[in-house]
Each structure stands twice: as C-alpha cells, then as structure tokens.
Amino acid sequence: MEKILSPFKNCSPRNFALDQDRLAMKSAVEHIHRQLGMSYRLGDGQSKPERENSIKYQASLNPSNKKEVVGFVEFGDEKDLETAISQCDQGRRSWGKTEAWERIQLVEALADWMQERRDILSAWMVFEVGKNWREADADTCEAIDFCRYYAREMASLSKPIRMQELAGETNDLLYFPRGVFAVIAPWNFPLAILTGMTVASLVAGNSVIIKPAEQSSVIGAFLAQGLKEVGFPKDSFYFLPGEGEKLGPLLVSDPRVDGICFTGSVEVGLSIIEGAAAKPKEGQRGVKKVIAEMGGKNALIVDEDADLDEAVAGSIHSAFGFQGQKCSALSRLIVHDRVYESFVSRFVAASKSLRTGPAWNPEFQVGPVVDDSSFRRIRRCIQDASSRLEVLYIGETDQDQGYFIPPAIFEVPDRSDTLFQNEVFGPVVAVHRVKSLDEAFEAVNSVRFALTGGIYSRSPSHISRARKEMEVGNLYINRSITGAIVGRQAFGGFKFSGVGSKAGGPDYLLQFLEPRLHTENTVRRGFAAEEA
Ligand code: NAD
C-alpha cells in the first residue's frame, strides 16, 4: 500500500443555524441524556449499562444539574497504578518498535472513529463539564484535528534526515520514542487536550498512561474505548482515572515513567517539575522529559482608536465563552482612557444580555462552572472583590439546580490587586484604565503568566509595538483571544504559563522523541554474509 496521507485539513465545525446540524445535535443530546448513569472501568474505559456498586466507582455529576449522575467511573488505587505502569513499561518495548506508518494509520483511524460519532462525543461534554453545544463541538473538532495533524507530523519525522554529505560516510538524524509517558489532563478541554497529549505520545511510539481529570473521566473513558476499538495494542495504553493528588505524585516520580505530559494549573505543574524532573530514582532510565502547559491571566488592550463594536463582541466572547474556564479566557481588559467610558458601558450592557442556564439548552449563552469546588471558589472571589473594588456588574440568575455563576465585572485600578494578578478560571473580568500604550503594555506584562493576549487598535504603529512588546504566547490582533485552531494557531505560553513547545504546531511532536545520529563509514571491503 502506498504510504501517503491526504494534506492536513481542519475538521469543519457544525453550523447550528442549519436545520441538519441543529437537529443532529439535538438528537445526540437527547440520546445521551438517556445514557447517563452507566459505569466505566479503568484500563480500557469499557462501559456497562448499570451502576457498579464497588466503592472504587466515583460518580461524575452534571454541573447543569448536580443531582444527575453522568456516569460512575472506576478510580485507580496504588495497585492499579502499578498495573498501569508495568503494563506500559512492558508495552513500550514492542510498541516502540512498530513501524511509524502503522502508528500513523491507527491515529488516523481514531480521528475517523471520532468523526463518525462527533455529535455524541460533544453531547457527553455538554453533560459532563457543562459546555454549550458550540463549545463542545469545537472541542471535538480540535480532538480530531490533533489526531490528523500529529499523524502527518510523524510521517515527516519518521524519515531519516540525511546530514551533510562526505565521501565515504553517511550521517542520518533519526527520531526514536522515549519510552513510557504519563499524560495528565485538565477537565476544561476534556476531549481535545486529553486526545492531543495521548496521540502525540502514541504516534511517536511511546506507551501511555492516560490520567484524565476527575471531573471529566467519563469523556476520558470514550477516548480509551476509541483507542481499543481502532486497534491500538492492549499494552500501548492504560486508562487510569483517579484522584490527582493521590495518584499524580506516585505516577510522575516512578522510575519507569520516562516523560510527563501535563496540562493544568501552575501549582500542580510546578510540583511535577520539582518532584519528577529534579529527583532521579534508583533504576530510572534517564532524565525525565516534562512538558507542562499551565495557567494564564490573559489581557486584551482596547486602544484609543479601536473599533468598539468589534472590541465589545470579541471581549464578550473571550471572557464568557465556556464561563471563562478556557486557559486562554480573557480576564483583564485594559482600556485606554479616551474610550474607557464608552467601551465599558457597552461591554457591561452586552454582558447583561447574556443568559445563564443549563448547557444542554441553547437558549443560554453562559452555562455552569464545572463543580462545587469551582463554584465556591469563584463565588468567594466575587464576594471578596465586591468588598474592595468598584462593581461594574454582577449578574444574577434564578437557576439553582446547577453550579451557575453569571458574569461579574470589576474596575481594578491597582495592578497589584489579586484580581489583576491571579487566575480565577471563571466568568470574572478585571477592567483597568490606562492613559497610554506604554502603560497598557506594562499592565499586560505585569503578571507572571504569558499565555494569550490581544489588542484592538486601528493604528499600524501600535499594532507593530504590540507584536514586539506584549509578552504572550499567542497574540491576537483585532479579534477574540480564544479558540486556537490546530495547524493555524499553534498554542501555548511561556513564563509561568508553560514549559514546552506549542500544541498543534510543528515543534510539538519533537518533545516526545529522542533524536539520534547515525554515522556509517561506507568505505569498506565487502559485506559479511547474512546468517541463514
Ligand atoms: P489541575 O492542575 O487541578 O488538574 C490537572 C490534572 O492534574 C488533573 O488530571 C488532576 O487530577 C491532576 N493532578 C492534581 N494534583 C496532582 C498532583 N499533585 N500531581 C500530579 N497530577 C495532579 O487543573 P484543572 O483544574 O484540571 O485545569 C484548569 C487549569 O488548567 C487552569 O489553570 C488552566 O489555565 C490550565 N490549562 C492550561 C492550558 C494550557 O494550554 N496552558 C490548557 C488548559 C488548561
């Protein structure tokens, strides 16, 4: 068979304005609503229709209706962790030796598997993490894109790179798998990020322990089911849901784990770097590779000549899409004094028009936050901010069956204020007035994060300064600052937002591979006969 892949093409999002797309999603949501309450085992994510009564099975709740159990997931203990690591350690030997083309085809098959059930997968996200239809669909598209993109990247990395020629000598640069990877994922892109990190590890020839976030373990189980159904060998992956605080430190520090691919909070990310990378253990094969994508405190500048219609729409979308729970979400609006009053009044008016309610119902633009602990933390943060800062708007809702928090907006004059400095991860925005562009850039760069940022401006010279002076991993000019697309907007930050190359970009896969150089002296007197 000819080893050729079609050129990379992004998965097209659904257009819910079209009857066909809207009705398909509606029926998927109704279908999944009838599937809630099943049980999912660890290892391969296999489901069974009834509730499993073992105490190892933890309920995952619907944040739009906290009485509703989405599913019961088997959480791993130390014994399961040992099984996962020894199985993957065993598996790395054979999986790492498979032809790259075989792995590439399996990842392509996983993309097809997801594409065939895209609305179903999106509907699970509506119920398990409270994504609205559009956000859930984008998550599924991104997961499919990661598969297809990394498959193609691997196709080019699997060809040896012939280095400079010299008569009588060949020099080839080749990439080899690293061994066993631990993938530790957040809940906020429950399919896309988990899939991206997993398939990058697998297509590069590493075996993978897949640790989903507690809040999105049911969706994780579907990824494991997909891997199994398309034919990934049993010992190339192990699905290990469980409590991060318990399993995480044991997993990342085990000497048989060669690499850790983590996305989540800066606190956990730093603890992994400290605990896993810095302290080698007896029997460890080498220095562990740690890829850590962490938090953000993302800012958008509204310049004095900005198109305010565009700036309001882009800000609303960036700040309140998925309830401000995207790593790229806008949480600091830095507004030039000359347009401050007109912009802020319009931004607040637009925020008031948003309706908060269950994610499954497309009438509502703002859904729930993910769980009780987020709900309490964000509510505390809003209460605390209200006691210190000028409130520009705090929305209200009569919905109390889920973890609903409508948008909250505060004026923050002091850049050292905690609301300006620290990630909230909810629908809360700090608005800051500046008198000049210099002051705006200083404000943007005053935080320890450097993930996304943007500017609305009509001035070419201001835009050019923003390109040079804004310390952000992804800079967006005259558009919203969320929604990076695989292959177009490679995504990731620096400073305390991450160590690692950008996901969905050309450097990403290299992190999962070990480069080796082979030099051969080709001036020799014949060959020894091959053994029979
Ligand atoms: P989190 O750090 O609480 O959890 C992430 C994962 O780490 C989970 O699977 C969790 O179980 C596990 N974990 C918890 N404690 C651990 C420990 N001690 N050792 C090892 N693993 C442990 O983050 P979250 O609440 O799931 O996700 C939200 C955070 O993720 C936000 O800070 C957000 O900015 C960040 N995020 C960043 C990006 C990015 O690309 N930079 C993308 C998405 C989310």
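Just so you know, all these numbers are worked out from the coordinates, no wet-lab data involved. Everything numeric in this text was worked out from a predicted model, so none of it was measured. Neighbour counts run over all protein chains shown; Cβ positions are idealised from the backbone, glycine included.
The angle between the Cα long axis of helix 217-230 and the longest principal axis of the Cα atoms of the chain comes to about 30 degrees, rounded to the nearest 10.
Note on S265 and Q20: the model spin-label points, each 7 Å out from Cα along the C-beta direction, lie 4.5 nm apart.
Pulled fully out, how much extra length does the chain show between D337 and I463, if you take 0.36 nm times their separation in residues and subtract their Cα-Cα distance?
Values: separation 126, 0.36 × 126 = 45.36 nm, distance 1.80 nm.
Value of the extension gain: 43.6 nm.
Kirkwood hydrodynamic radius for the stretch 298-477: how many Å is it when counted over pairs of different Cα atoms? Value: 16.3 Å, from the Cα pair sum. A Förster distance of 25 Å, applied to the separation of the beta-carbon atoms of R51 and E78, puts the FRET efficiency at 0.50. For the stretch 478-532, GluC sites (Glu not before Pro) meeting the loop criterion (DSSP other than H, G, I, E, B) and having at most 14 other Cβ atoms within 10 Å: E530, E531. Its Cα gyration tensor gives the stretch 1-127 an equivalent ellipsoid; the semi-axes, largest first and in whole Å, are 30, 28, 9. Cross-link partners of K48 among aspartates and glutamates, defined as those whose alpha carbon lies under 19 angstrom from its own and excluding same-chain residues fewer than eight positions apart: E68, E74, E128, E229. Helix 118-129 versus the longest principal axis of the chain: what is the Cα-based angle in degrees, 0 to 90, to the nearest 10? That works out to roughly 60 degrees.
Can you list the equivalent-ellipsoid semi-axes of the chain, largest first and in whole Å, using the square root of 5 times each Cα gyration tensor eigenvalue?
After diagonalising the Cα gyration tensor, the semi-axes are 40, 29, 21 Å.
The local environment of G259, defined by Cβ-Cβ distances under 9 Å, has a net charge of +2 under the rule Lys, Arg +1 and Asp, Glu -1. Protection proxy ranking of 208-216, 466-474, 349-357, by the mean of other Cβ atoms within 10 Å over each peptide's residues and highest first, is 208-216, 466-474, 349-357. Could you tell me the calculated FRET efficiency between E169 and R516, based on Cβ-Cβ distance and R0 = 22 angstrom, to the nearest 0.05? After rounding to 0.05, the efficiency reads 0.85. Taking a ≥ b ≥ c as the square roots of the eigenvalues of the alpha-carbon gyration tensor, the stretch 213-252 is classed oblate because a/c is 1.5 or more while a/b is no larger than b/c.
Please identify which residues in the stretch 128-144 have an amide N closer than 19 Å to a label point set 7 Å out from the Cα of K9, following the Cα→Cβ vector. Only 138, 140-144 pass the distance filter. Can you list the GluC sites (Glu not before Pro) in the stretch 117-196 that are in a DSSP coil and have 13 or fewer other beta carbons within 10 angstrom? Answer in residue order: E165. Checking Cβ-Cβ separations below 4.7 Å across the chain identifies C88, C147, C261, C327, C381 as cysteines lacking any candidate disulfide partner. Let's test the formula: R0 of 56 Å, r as the Cβ-Cβ distance of R93 and T397. What FRET efficiency results, to the nearest 0.05? It comes out at approximately 0.55.
Compared with the dominant principal axis of the Cα atoms in the chain, helix 372-388 is inclined by about 40°. Loop-located trypsin sites (Lys or Arg not before Pro) in the stretch 492-530 (DSSP state other than H, G, I, E, B) with a sparse environment of at most 16 neighbouring Cβ atoms within 10 Å: R524, R525. One chain, two ends: R162 and A350. Fully extended at 0.36 nm per residue, the span grows by 61.9 nm beyond their Cα-Cα distance. Quick one: grab the alpha carbon gyration tensor of the stretch 64-172, order the square roots of its eigenvalues as a ≥ b ≥ c, and give me rounded if a/c is under 1.5, else prolate or oblate depending on whether a/b is larger than b/c. Verdict is oblate for the stretch 64-172. Available extension along the chain between A313 and S416 is 34.3 nm, counting 0.36 nm per residue and deducting the alpha carbon span.
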